[in-house]
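The values are calculated or read from the model by the stated rules, or taken from the named source; none is laboratory data. These figures come from a predicted structure and were not determined experimentally. Counting neighbours? That spans all protein chains shown, and the Cβs are built from the backbone with ideal geometry, glycine included.
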Amino acid sequence: MAAGEQKAGKGIGVRLPRKEDERFMRGRGSYVGDIKMPGLTDVAFLRSPLAHGRIVSVTAPDELAGRFFTAADIAASVKPIRAVSGLPGFKPSSQPALADGKVRFTGELVAMCLGRTRAEAEDAVAQVVAEIEPLPPLADFAVAEQPDAICVHEEWSDNIYLETRIEKGDRSRIDGAAIEVEREIRLSRQCMVPLEGKGTIAWWDTRLDQLVVYTSTQLPHMMRTGLAECLGLEERQVHVVAPDVGGGFGFKCVLQPEELCVAWLALTRKKPFRWIEDRREHLVAAANTREHHYRIKAFADAEGRLLGIEADVAVDVGAYSVWPFSACLESAQIASILPGPYQMPFYACRTRSVATNKPPFMPYRGVARTGVCFALELMIDAIARQAGLEPADVRLKNLVLPEQMPFTNITGKLFDSGDYPESVRRAVETIDLASFRARQREGSDDGRLLGIGFATYCEQAAHGTTVYAAWGIPMVPGFEQATARVTPDGGLELRIGVHSHGQGMETSMAQVANQVLGIDTDRINVVHGDTALTPYSTGTWGSRSMVMAGGAVSRACEIIRERALAIGAHLLQTGKDEVELVGGRIQGQGGSVGFADIAQAWYKSPETLPADVAPEGLEVTAGYKPMVDSGTFSYATHAAVVAVDPDFGSVEILDYVVVEDGGTLVNPLIVDGQIIGGVAQGIGTALYEESPYSADGQPLASTFVDYIIPGPCEVPDIRIVHMETPSPFTAHGIKGVGEGGAIAPPAAIANAVNDALRPLGAEVAMTPVTPHRLLAAIAAGRNGRQPVQS
Amino acid sequence: MKPSAYRYARPSSVAEAVRLLADSDGGGKVMAGGQSLGPMLNLRLAQPELVVDITGIGELASVREDKDGIVYGACVTHAAVEDNRVPDAANGFLARVAAGIAYRAVRNRGTMGGSLAHADPSADWMTTLTAVDAEMLIAGATGERRVALAEFMTAPFSVALDEAEFIVGIRIRRHSPAARFGYFKFCRKRGEFAEAMAAIVVDPAAGVSRAVIGATDSRPIVLPDISAYLPLSPERLEAAKAMVEGLGIAGEPIKDAMHANAFARALQQVKP
Ligand SMILES: Cc1cc2nc3c(=O)[nH]c(=O)nc-3n(C[C@H](O)[C@H](O)[C@H](O)COP(=O)(O)OP(=O)(O)OC[C@H]3O[C@@H](n4cnc5c(N)ncnc54)[C@H](O)[C@@H]3O)c2cc1C
């Protein structure tokens, strides 16, 4: 289709407004916090004031009896969370629901109290006295790695969850390389800050003999497994519902100790209990992420062709391994994806996942890729500067070429399809590199320095069984299933096991069904988020839902189509081969029937159907797995133009371009929204968001006064250019795109800043690029030093 | 993050509010717009026994003009100043400052009195109203007293008010038409508190040539006479920066340079 042309209808490829926006835009969503129940008791937690310590005693006045609980009450019946990785050498951690004997990060749950309101529960918490004997806090991975460091988990011999080494290709190729650049590159710890925090309500359903847990999660079926395991229940006894969820971003992929506590209360007291995370709890104790540290060397020939990459990477994983993704998903990914979309003859990488006295590290939109892209793309620009080349040209020299697709890269990743260099060329053209360089030479009239930056990545998404089995985490995704049911009045119900919390799946899944069956999307309901109503699924993560659940919806609808054709042909008194499905109607020689007629016949007057009609009828559960399950590879080039104010160290983004290829786009409007949202988060990582810790492990950003997220004025208009190379391996050629927007902005923006700083001999290499860091870099540049990253 | 229990009163006169505060034995806390007090209550940084909401006192939301000045009721909101719903004693300067405070939702409720009483060193009014030498009108058990704003703030988040006192008004001298103003603040994000700020008032008719540097770790720094740097030249600009850097306000070179640069930007706005 020509650019700008609108596709008609309501099927795949149409920019259909989201069905769910009717309720969301009018404030009529229904979140955990909106649920009201008689007798609902609020829960508040006493959290550890220390990063590391031994619990001597936790006591409360007698009047709190029955409203105050510690590990002594629950440890016997609630198993600790243990997310084990199958990777050799991995050391598992045990995370108790309430701290048992020791506290390992500031904010860890020490006790819980009940109240008729949250305020009353907090009043009770204020009366609890915890005596904790301090232990030396490990607030930074580098401290935790010291040979004499105390162990976060005393049963361990050091603070390393896992160390991995990988070496591929021919090491001799880097000998005597014309260009050798080395950098120390860091991403700060940050938070995810979805609009809605975490929240859980649980009660006991006597009739069904079930623990019912309404929780703000991306993966209700996995939570059911996790809760059942830790609480010693059979899974049939646990019913998990994820109602409307206000953003997840990976945080809500993880079983939380708070969920266990609330569930235990409901289980043991057979009454409803609730905990709603507040923003301080979120910023201090939850959703920590991104903290990577790279020492990285890149080797290239004089023309900027990559000869090799050698990296030593530490991930500061914090105190516990989160379930189900484990403490090592991030480092395992780093090792396998650091070469990015490039070809290189040599690659070596060592990774360590280091335990510290900080909250557990969780996977955040983009997962390891945001850090990897930041490190690698800064190196590409460093090579370009050394070689005296345009950074975009260095990318073009090294990217995998379209004629090589499908391409197996140096770590064995199978890139499915696409034209990576074209994304760079289009970004160069759209942002107008040539005019920018002219403008940059002239200089700005307000004393600000102008810079341009690019970042290219490819993003493995919807990774399936083989990939996750190799990473050895407790949850390996397999087939994905969906149920399709034609309703008696000719509408359609889809039931999917993944969860939609901002991705617009209630619309896009309906579009896939519409593509196959022609039923109007207004007449299609997408049911999700309830273990009792939907097929089992590992849930929404890894940009997998559209590929996997979309594929399953497609398969289920194809089966419905065949059965509808058979019934339709009968009603039209003709053979099945004589009819076809056009525009939602079964057409034959003599006329046509719609789904309402077919459903009428099937459900209400089956006597009109032939005796040999398939008894499975108009309800189907179908499974799906892509032909090749190692994942789809979306890719993009981001380009940013920035103005740096050297007086204050501020960065303004003047222009931002995204050229991306997500395969077949089911709904380009939704994809645009995903990209814009992701870029906004990426801008946060690049310039604003940081969860700093003091040397004794105290969080220094505990409210939005100190934790800064970009607002409307900080996020410019984002110009998006789509390319569409279908994946050869998936239904409809769909690729995963949900996370992509958040991957490249830190790299593109930092590269732009470094381009601007070039005349000053200064360079930044740490997120977020705060005014202070930027001014420190300028000062270091003035003194001819390499900036120290801190 | 929910407040501990407190009683709530919404008096309709200054006298009643004073009495409520006096009777509360130090357990009372005034609430105006609630934009700073609300979060403090939620974080339990403030745990008053009684909250005295003064927004029901009609006169506190109004403005009184006298011969050479304007008294702004303590509950005049930032938005009312921004929208010119009240007269501007500083020829539009106040409206400009107001428009840059926080976000509109905060400005709709946040008040001049509340901001000054809260005494955040990075707040806009503290620095800019010190620059225009505002005077605080304070009601208490023994009647009304006045104090210069420059003397009002004693330390970060502390002001010279006793337990039964509160701000009823802010008096600002009417500036001459020839008065010139400069104001610059640097914020990491639009609407957030400033990292560096400087305000300048030059009113030859009143013999004023004053600058105030805010967003320090404590009280704003008043530079009573900056006439040596005006009219501005490149050399004077450099000298002005060096002077502020020399003050060592933050005791840390990067932050000190930010203060100096903010001062320089404010100076550049002062038209000859
Ligand atoms: C997100 C956000 C961003 C902000 N950004 C900025 C900014 O950029 N610049 C800025 O200057 N401010 C900023 N603020 C603060 C805002 O301007 C507040 O409105 C102001 O600080 C307090 O005013 P208030 O009327 O809401 O006072 P309240 O919150 O009601 O009270 C604050 C304190 O003052 C006391 N108090 C209130 N009125 C009186 C009185 N008349 N006499 C004695 N004591 C009194 C209260 O007891 C309390 O201790 C921001 C606030 C928020 C929430």
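Go through the range B:11-35 and count every residue that is touching a strand residue (DSSP E or B) at 6+ places or on another chain (Cβ under 9 Å) and more than 7 Å from the ligand (Cβ to nearest atom).
At the first step, the residues of the range B:11-35 found to be touching a strand residue (DSSP E or B) at 6+ places or on another chain (Cβ under 9 Å) are B:11, B:14-18, B:20-24, B:27-35.
Narrowing further to those that are more than 7 Å from the ligand (Cβ to nearest atom): B:11, B:14-18, B:20-24, B:27-28.
Adding up the residues that qualify gives 13.
Name the residues in the range B:54-109 that are of a type in the set (F, W, Y) and more than 14 Å from the chain's Cα centre (by Cα), would you? Before you say what the answer is, go through the steps one by one.
Residues of the range B:54-109 of a type in the set (F, W, Y): B:72, B:93, B:103.
Residue satisfying the conditions is B:Y103 alone.
Hey, does the range A:688-704 have a residue that's in contact with a helix residue (DSSP H, G or I) (Cβ under 8 Å, 6 or more places away or on another chain) and over 30 Å from B:F186 (Cβ atoms)?
Scanning the range A:688-704, I find no residue that is in contact with a helix residue (DSSP H, G or I) (Cβ under 8 Å, 6 or more places away or on another chain) and over 30 Å from B:F186 (Cβ atoms), so the answer is no.
Would you check which residues across the range A:572-609 are in a helix (DSSP H, G or I) and more than 18 Å from A:T487 (Cβ to Cβ) and list them? Walk me through it before giving the result.
Within the range A:572-609, the subset in a helix (DSSP H, G or I) is A:576-578, A:595-604, A:606-608.
A:K576, A:D577, A:E578, A:E607, A:T608, listed by residue number.
If A:G663 meets every condition in (1) over 22 Å from A:P726 (Cβ atoms); (2) at pLDDT 95 or above; (3) away from chain B (no Cβ under 14 Å) apart from one, which number is that one?
The number of the failed condition is (1).
How about the range A:671-729: which of its residues are away from chain B (no Cβ under 14 Å), over 22 Å from the mean Cα position of the chain (by Cα) and of a type in the set (A, V, I, L, M)?
Within the range A:671-729, A:A695, A:L700, A:V721, A:M723 meet the criteria.
For the range B:208-223, enumerate the residues that are surrounded by fewer than 19 Cβ atoms within 10 Å (Cβ to Cβ) and part of a loop (DSSP other than H, G, I, E, B).
Within the range B:208-223, the subset surrounded by fewer than 19 Cβ atoms within 10 Å (Cβ to Cβ) is B:217-218, B:221-222.
Within the range B:208-223, B:D217, B:S218 meet the criteria.
Out of (1) in contact with a Pro (Cβ under 7 Å, 6 or more places away or on another chain); (2) surrounded by 20 or more Cβ atoms within 10 Å (Cβ to Cβ), the odd one out for A:Y603 is which?
Every listed condition holds for A:Y603 apart from (2).
If I filter the range A:640-655 for residues that are touching a Cys at 6+ places or on another chain (Cβ under 8 Å), under 30 Å from B:F184 (Cα atoms), at pLDDT 95 or above and within 14 Å of another protein chain (Cβ to nearest Cβ), do I get at least one hit? Step through it out loud before you land on a result.
To start, the set of residues in the range A:640-655 that are touching a Cys at 6+ places or on another chain (Cβ under 8 Å) comprises none.
Scanning the range A:640-655, I find no residue that is touching a Cys at 6+ places or on another chain (Cβ under 8 Å), under 30 Å from B:F184 (Cα atoms), at pLDDT 95 or above and within 14 Å of another protein chain (Cβ to nearest Cβ), so the answer is no.
Filter the range B:238-272 for residues that are within 12 Å of another protein chain (Cβ to nearest Cβ), within 15 Å of A:D647 (Cβ to Cβ) and surrounded by fewer than 16 Cβ atoms within 10 Å (Cβ to Cβ) and give the result.
B:P253, B:Q268
Specify which of the listed residues (B:L230, B:L223) is modelled with pLDDT of 95 or more and not assigned by TED's automatic domain parsing to the domain that holds B:E135.
After ruling out the rest, the residue left standing is B:L223.
For the range A:473-490, enumerate the residues that are over 20 Å from A:R555 (Cβ atoms) and more than 19 Å from the chain's Cα centre (by Cα).
Applying the first criterion (over 20 Å from A:R555 (Cβ atoms)) to the range A:473-490 yields A:473-476, A:488-490.
Residues satisfying the conditions are A:P488, A:D489, A:G490.
Give, as residue ranges, the strands (runs of 3 or more DSSP E) completely inside the range A:195-285 that count at least 1 residues that are within 14 Å of chain B (Cβ to nearest Cβ). Walk me through how you get there before you give the answer.
Details: elements: A:199-205, A:210-215, A:238-241, A:273-276.
In the range A:195-285, the matching strands (runs of 3 or more DSSP E) lie at A:199-205, A:273-276.
Name the residues in the range A:282-323 that are under 18 Å from the mean Cα position of the chain (by Cα) and among the aromatic types (F, W, Y), would you?
A:W323
Under the condition of being in a loop (DSSP other than H, G, I, E, B) and β-branched (V, I, T), which residue from the range A:701-730 is nearest to the ligand (Cβ to nearest atom)?
Among residues in the range A:701-730 that are in a loop (DSSP other than H, G, I, E, B) and β-branched (V, I, T), the one nearest to the ligand (Cβ to nearest atom) is A:V705.
Output the residues belonging to the range A:119-133 that are among the aliphatic types (A, V, I, L, M) and more than 10 Å from chain B (Cβ to nearest Cβ).
Keep residues of the range A:119-133 that are among the aliphatic types (A, V, I, L, M), which gives A:119, A:121, A:124-126, A:128-130, A:132.
Across the range A:119-133, the qualifying residues are A:A124, A:V125, A:V128, A:V129, A:A130, A:I132.
Would you mind telling me which numbered condition in (1) part of a loop (DSSP other than H, G, I, E, B); (2) buried (at least 19 other Cβ atoms within 10 Å of the Cβ); (3) of a type outside the set (F, W, Y) A:A484 fails?
With respect to (1) part of a loop (DSSP other than H, G, I, E, B); (2) buried (at least 19 other Cβ atoms within 10 Å of the Cβ); (3) of a type outside the set (F, W, Y), A:A484 is out only on (1).
In the range B:216-244, which residue that is over 24 Å from B:L116 (Cβ atoms) and among the polar types (S, T, N, Q) is nearest to the chain's Cα centre (by Cα)?
B:S227
Limited to the range B:165-191, what total is found for residues that are within 11 Å of the ligand (Cβ to nearest atom) and either closer than 25 Å to B:T55 by Cβ or touching a His at 6+ places or on another chain (Cβ under 8 Å) (or both)?
7
Please count how many residues of the range B:131-149 are buried (at least 20 other Cβ atoms within 10 Å of the Cβ), assigned to a loop (DSSP other than H, G, I, E, B) and among the β-branched types (V, I, T).
Number satisfying all stated conditions: 1.
Working only within the range A:731-762, note down all residues that are within 20 Å of A:R186 (Cβ to Cβ) and either at pLDDT below 95 or not in a helix (DSSP H, G or I) (or both).
If the condition is that a residue be within 20 Å of A:R186 (Cβ to Cβ) and either at pLDDT below 95 or not in a helix (DSSP H, G or I) (or both), then A:I743, A:A744, A:A762 are the ones that fit.
Conditions (1) more than 23 Å from B:G214 (Cβ to Cβ); (2) touching a strand residue (DSSP E or B) at 6+ places or on another chain (Cβ under 8 Å); (3) among the polar types (S, T, N, Q), marked per residue:
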{"position": "B:P48", "(1), (2), (3)": "yes, yes, no"}
{"position": "B:E59", "(1), (2), (3)": "yes, yes, no"}
{"position": "B:R64", "(1), (2), (3)": "yes, yes, no"}
{"position": "B:K67", "(1), (2), (3)": "yes, no, no"}
{"position": "B:D83", "(1), (2), (3)": "yes, no, no"}
{"position": "B:P87", "(1), (2), (3)": "yes, yes, no"}
{"position": "B:N108", "(1), (2), (3)": "yes, yes, yes"}
{"position": "B:G113", "(1), (2), (3)": "no, yes, no"}
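Taking A:E652, is it over 23 Å from A:G502 (Cβ atoms), outside any loop (DSSP other than H, G, I, E, B) and in the same structural domain as A:D432 (by TED's automatic domain parsing)? Talk me through it step by step, then tell me what you get.
Values: over 23 Å from A:G502 (Cβ atoms): yes; outside any loop (DSSP other than H, G, I, E, B): yes; in the same structural domain as A:D432 (by TED's automatic domain parsing): yes.
In short, yes.
Within the range B:174-188, is even one residue touching a Pro at 6+ places or on another chain (Cβ under 7 Å), surrounded by fewer than 24 Cβ atoms within 10 Å (Cβ to Cβ) and either within 14 Å of another protein chain (Cβ to nearest Cβ) or without any contact (Cβ under 8 Å) to a residue 40 or more places away in the chain (or both)? Step through it out loud before you land on a result.
From the range B:174-188, those touching a Pro at 6+ places or on another chain (Cβ under 7 Å) are B:178, B:188; that's our starting set.
Keeping just the survivors that are surrounded by fewer than 24 Cβ atoms within 10 Å (Cβ to Cβ) gives B:178, B:188.
With either within 14 Å of another protein chain (Cβ to nearest Cβ) or without any contact (Cβ under 8 Å) to a residue 40 or more places away in the chain (or both) added as a condition, the list becomes B:178, B:188.
Yes: the range B:174-188 contains one or more residues that are touching a Pro at 6+ places or on another chain (Cβ under 7 Å), surrounded by fewer than 24 Cβ atoms within 10 Å (Cβ to Cβ) and either within 14 Å of another protein chain (Cβ to nearest Cβ) or without any contact (Cβ under 8 Å) to a residue 40 or more places away in the chain (or both).
What residue, of A:E131, A:E122, is on the phi < 0 side of the Ramachandran plot and in a strand (DSSP E or B)? Working first, answer last.
On the way: A:E122 fails: in a strand (DSSP E or B).
Result: A:E131 is the single residue among A:E131, A:E122 that is on the phi < 0 side of the Ramachandran plot and in a strand (DSSP E or B).
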